[in-house]
Structures are given as structure tokens and as C-alpha cells.
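A short write-up of the structure that comes next.
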Amino acid sequence: GNVYVGGNILSTTAGPVNISGDFTISGNFLAGGTITASSDERLKKEIKPLEHPIEKLLQINGVSYKWKDSKKEQTTQIGLIAQNVQKIYPELVRTNKDGKLSVAYQNLVAPIIEAIRELYTEITHLFTSIDKLQKDVEELKKENQQLKEALCEHSSSLKICHHNLTEE
């Protein structure tokens with residue numbers, strides 16, 4: 001098929017079009033297939049785990065907005081403010097030749113995954129703690145019942161003995 005840029009044919013090949021360097025699209029972009037990014041471990045060095053992803057993500061504010069440029073789509077958009085992201089994850093923000101900032105949204109996937117992993121670990125720990133506390137409460141209820149019964153055997157005039165012991 002043909003690839004058009006600014007109304008001009010850039011390529012008439014039926015195969016893939018390879019672009020080396022920056023490629024800018026002003027306007028909407030629709031892909032009828034899968035968009036991927038190189039991620040092979042063999043291409044990377046200095047690989048380190050992400051630190052404090054939850055705390056960092058909580059500092060980034062999602063916003064709704066409309067573009068100032070009337071040539072752009074004027075429906076309400078949802079996204080991030082690059083200056084806010086830059087304070088937390090400077091590696092996700094690019095500056096173009098005019099000094100305008102953009103965000104590599106796809107690169108937020110890694111901190112989001114790590115934040116989910118941290119939350120899952122915390123939730124699992126909390127459920128384990130809740131289960132233990134529930135068992136402890138049941139044991140304490142049984143012990144309390146036994147103590148009440150023992151007290152009432154020795155002194156049935158106590159106020160506690162006038163309640164139905166099985167209700168509590």
C-alpha cells in the first residue's frame with residue numbers, strides 16, 4: 001500500500017516501511033494492527049528494578065483537558081501533564097526542537113505493573129493478618145465464654161450471669 005505524508009506518497013512498497021530517527025504525527029493515529037516497542041533483554045544493559053513505584057505513581061495527576069490549538073480535536077481529552085510527569089519520571093518525557101514536552105505513555109506500563117505487584121503483596125499480607133485475627137477472636141470468644149461459665153458456677157449472683165451466656 002501507499003504511505004502518504006502531507007498528501008505526498010512517501011512509499012509505495014507493499015512491505016514494511018522503516019523509519020530511522022524521529023517520526024512526528026500531528027493529529028490522530030489509528031493502527032489497524034499491533035504497535036510494539038523493542039524490549040529484548042539482549043538489547044539492554046544496566047537493568048535495575050524500579051524503586052517505590054506506588055509512591056511515584058501517586059504523585060502523577062491524571063487530568064481532563066481541551067487543546068488550546070483550535071486545529072486539534074476539541075473533544076475533552078484525558079491524560080497527563082508532561083511537566084508533572086517530568087518531576088517524577090524525567091526519563092518518560094521528551095522535549096522537541098520547539099521546547100514542547102511529550103510523554104512516553106507506554107513506558108508507564110512498567111511502574112504500573114510493579115505498583116500492582118506491590119499492592120498485591122500488601123493485600124495478600126493483609127488477608128493473612130485478617131485470617132489470623134479472626135481465628136484469634138474466635139479463640140478469645142470461646143475462652144471468654146468458658147470464663148463466664150466458671151465465674152457463674154461459683155457466684156451466680158453476678159450481673160454477668162443473668163445474661164444468656166450462649167448469646168455472646
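Values in this text are rule-based calculations from the coordinates and carry no lab data. Everything numeric in this text was worked out from a predicted model, so none of it was measured. Don't worry about glycine lacking a Cβ; one is built from the backbone with ideal geometry, like all the others, and counts go over all protein chains shown.
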Practice prompt. Check the straight Cα-Cα distances from K100 and name the aspartates and glutamates below 19 Å, setting aside those fewer than 8 residues away within the same chain.
Written response: D22, D69, E73, E91
Discussion item. Can you show me the helix-derived [θ] at 222 nm for the chain, built from DSSP H runs with n ≥ 4 at -39,500 (n - 2.57) apiece and divided by the number of residues, rounded to the nearest 500.
Written reply: -12000 deg cm²/dmol
Worksheet, complete the sentence: The Kirkwood hydrodynamic radius of the chain, taken as the inverse of the mean 1/r over all distinct Cα pairs, in Å, comes to 23.1 Å
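Quick one: compute a quarter of the convex hull surface over the Cα atoms of the range 75-124 and quote it in nm². Write out the running numbers ahead of the final one.
Details: hull surface 20.0 nm².
The orientation-averaged projected area of the Cα hull of the range 75-124 comes to 5.0 nm².
With a cap of 13 neighbouring Cβ atoms within 10 Å, and only residues DSSP puts in a loop, list the trypsin sites (Lys or Arg not before Pro) found in the range 77-114.
Details: sites: K87, R94, K97, K100; in loops: K97, K100.
For trypsin sites (Lys or Arg not before Pro) across the range 77-114 that sit outside H, G, I, E and B with at most 13 neighbouring Cβ atoms in 10 Å, the list reads K97, K100.
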Item to complete: Find the percent of Cα-Cα distances in the range 108-168 that exceed 14 Å, and round it to a whole number.
Response: 70 percent
Fill in: Hits among lysines - C-alpha to C-alpha of K142 under 29 Å, sequence gap 8 or more where chains match
K132, K159
Worksheet item: Among L50, L126, L147, which one moves the most in a GNM of the chain with springs linking Cα atoms closer than 10 Å?
Response: L147
Response to the item:
A correct Stokes-Einstein calculation for the range 28-68, using the alpha-carbon Kirkwood radius, 10 °C and 1.306 mPa s, returns a whole-number D in µm² s⁻¹ of 106 µm²/s
Worksheet entry | Crossing angle, helix 109-154 versus the chain [Cα axis fit, 0-90 degrees, rounded to tens] | 10 degrees
